[in-house]
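Inspection log for the structure reproduced underneath, given as structure tokens.
The values are calculated or read from the model by the stated rules, or taken from the named source; none is laboratory data. None of these values were measured; they are calculated from a predicted model. Here the Cβ positions follow ideal geometry from the backbone for every residue, glycine too, while neighbour counts run over all protein chains shown. Note: accessible area is taken over every heavy atom of the protein model, side chains too, but ligands, DNA and RNA are not part of it. Shrake-Rupley method; radii C 1.70, N 1.55, O 1.52, S 1.80 Å.
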Amino acid sequence: MKKLFRKLHLWLSVPFGVFITLICFSGAMLVFEREITEACRRDLCFVEKVGEKPLPLDSLMTAVAATLPDSVSVTGLTISPDPTRSWQVGLSKPRRASLYVDPYTGEVKGRYERLPFYDTMFHLHRWMLGASTGSGKLLVGISTLMLVVILITGLLMWLTNRNKPLVKSLKISFTKGWMRFWHDLHVAGGIYATIFLLALALTGLTWSFSWYRTGFYKAFGVETSAGGGHGEPRSTANAQQEQRGNRDGARSERPERSERADAAGNDRSHRRGEERRVHEGEGRPGQETVHPHSPYAHWQEIYEGLAQSHPGYRQITLSDGSASVVPAGRTSLRSGDRFEFDRRGRITNVKPYAEQEKSAKVRSGVYTVHVGSWGGLATRILTFLAALLGATLPLTGYYLWIRRLVKKGHPHHEK
């Protein structure tokens with residue numbers, strides 16, 4: 001059995017090792033992308049001068065919306081409790097686009113864009129620099145799947161090694177030559193990183209294969225939408241309810257959808273006109289006047305109420321009719337409590353994170369485990385180190401294998 005583990009470990013590592021190194025290295029680089037981006041783009045992410053008080057949200061958002069093309073609208077606002085930070089305004093398109101705005105002056109500081117280095121690392125990590133639907137995505141998925149097998153066989157080889165005590169095999173020697181150092185780094189380093197690398201690989205595979213994603217979420221009692229991509233799981237109960245609703249009301253909903261679409265279009269046109277009228281004279285940033293038909297009329301009081309009830313909050317996000325608060329102490333920004341409010345600014349529904357749909361919590365959990373943020377800064381550092389170590393394992397493995405081939409003088413000798 002030990003011989004089988006050795007063969008699998010070696011002959012899967014040889015063809016896929018290079019790709020595993022690239023995936024792990026790029027993943028390690030992405031762990032602290034936000035912090036490094038903010039350090040490099042302080043002009044965008046931070047204000048030039050902290051004012052006495054931020055502008056009223058209605059005036060601020062109306063002014064920002066008035067600068068946008070007619071085809072683009074504001075979808076939300078993310079507020080940080082740090083007075084030195086810019087606020088982030090979400091846009092309807094392109095997907096996940098956002099602007100940074102100075103909350104004290106109303107100045108639009110610029111659009112969020114990935115730094116070129118991180119854009120390369122992201123595309124390398126997800127698609128081997130190829131297209132999102134091309135062979136690169138498949139190659140990343142297969143390499144990640146092989147990594148799981150390689151890690152398990154390596155662990156089994158370590159557990160069945162009777163040549164020396166297991167405790168001694170966890171030591172890395174720095175005084176017995178390069179060959180011994182690379183060997184110890186490969187064996188002991190691999191064992192130290194195995195748990196983290198397995199967690200990263202098993203969660204990462206949900207982005208690669210729909211069959212794996214379906215089975216993975218189903219293990220947690222969640223079903224993914226048919227043909228949907230990652231990030232669209234739903235609970236079994238919700239899925240059954242939606243299916244019944246779709247069967248029973250498919251025909252009757254079609255005209256209603258048309259009416260809703262027309263109404264939505266009219267509403268957007270109305271809002272755009274109101275935003276421009278406010279921006280052109282009926283309201284200016286800094287004035288307390290709130291237009292009665294403004295889509296942001298009650299954002300200020302909702303924000304103030306949530307900030308008061310959640311002292312030390314990490315983040316507050318507002319959108320049309322809903323809000324999310326990440327309270328102090330939460331390690332993930334995806335674990336916010338949700339609030340719904342009506343046109344009069346009254347909160348009509350409160351859903352703490354613990355009471356939210358299972359699908360949302362599983363989806364959030366998969367993401368936070370994959371990026372290492374589930375335990376805060378400490379687990380992010382460990383994730384970075386594990387991914388970086390994972391990038392070296394194929395390289396040290398190649399080195400040891402080639403050295404043994406040269407030493408034995410046999411081109412097919414196994415390590």
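When restricted to residues that are exposed (fewer than 13 other Cβ atoms within 10 Å of the Cβ), within 14 Å of residue 306 (Cβ to Cβ) and of a type in the set (Lys, Arg), the stretch 342-358 contains 1. Return yes or no: is residue 372 at positive phi, out of contact with any strand residue (DSSP E or B) (no Cβ under 9 Å at 6 or more places or on another chain) and surrounded by 15 or more Cβ atoms within 10 Å (Cβ to Cβ)? It is true that residue 372 is at positive phi, out of contact with any strand residue (DSSP E or B) (no Cβ under 9 Å at 6 or more places or on another chain) and surrounded by 15 or more Cβ atoms within 10 Å (Cβ to Cβ).
For residue 339, the criteria (1) surrounded by fewer than 20 Cβ atoms within 10 Å (Cβ to Cβ); (2) not in a helix (DSSP H, G or I) hold in every case but one, which is (1). Where helices (runs of 4 or more DSSP H) fall wholly inside the stretch 1-116, the ranges with 2 or more residues that are among the hydrophobic types (A, V, I, L, M, F, W, C) and out of contact with any Lys or Arg (no Cβ under 7 Å at 6 or more places or on another chain) are 2-30, 33-40, 57-66. Determine if the stretch 162-170 includes at least one residue that is assigned to a helix (DSSP H, G or I), closer than 27 Å to residue 27 by Cα and touching a Gly at 6+ places or on another chain (Cβ under 7 Å). Among the residues of the stretch 162-170, not one is assigned to a helix (DSSP H, G or I), closer than 27 Å to residue 27 by Cα and touching a Gly at 6+ places or on another chain (Cβ under 7 Å), which makes the answer no. Put simply, of 344, 314, 363 the only residue that is over 19 Å from residue 80 (Cβ atoms) and in contact with a Pro (Cβ under 8 Å, 6 or more places away or on another chain) is 363. Residues of the stretch 111-129 that are under 24 Å from residue 89 (Cβ atoms), more than 17 Å from the chain's Cα centre (by Cα) and open to solvent by less than 40 Å² (accessible area, probe 1.4 Å): none at all.
Just a yes or no: is a residue in the stretch 203-220 under 30 Å from residue 139 (Cα atoms), modelled with pLDDT of 90 or more, in contact with a strand residue (DSSP E or B) (Cβ under 9 Å, 6 or more places away or on another chain) and not in a helix (DSSP H, G or I)? So far as the stretch 203-220 goes, yes, one or more of its residues are under 30 Å from residue 139 (Cα atoms), modelled with pLDDT of 90 or more, in contact with a strand residue (DSSP E or B) (Cβ under 9 Å, 6 or more places away or on another chain) and not in a helix (DSSP H, G or I). Considering the stretch 380-395, the residues that are out of contact with any Cys (no Cβ under 9 Å at 6 or more places or on another chain) and surrounded by fewer than 20 Cβ atoms within 10 Å (Cβ to Cβ) include one that is nearest to residue 154 (Cα to Cα), namely 395. With respect to the conditions (1) open to solvent by 60 Å² or more (accessible area, probe 1.4 Å); (2) in contact (Cβ under 8 Å) with a residue 40 or more places away in the chain, residue 190 falls short on a single one, namely (1). Close contacts from the stretch 330-345, counting a first residue that is farther than 22 Å from residue 371 by Cβ and a second that is surrounded by fewer than 19 Cβ atoms within 10 Å (Cβ to Cβ) and among the small types (Gly, Ala, Ser), with Cβ to Cβ under 7 Å and a gap of 6+ residues or different chains, come to 339/322; 340/321; 340/322; 341/321.
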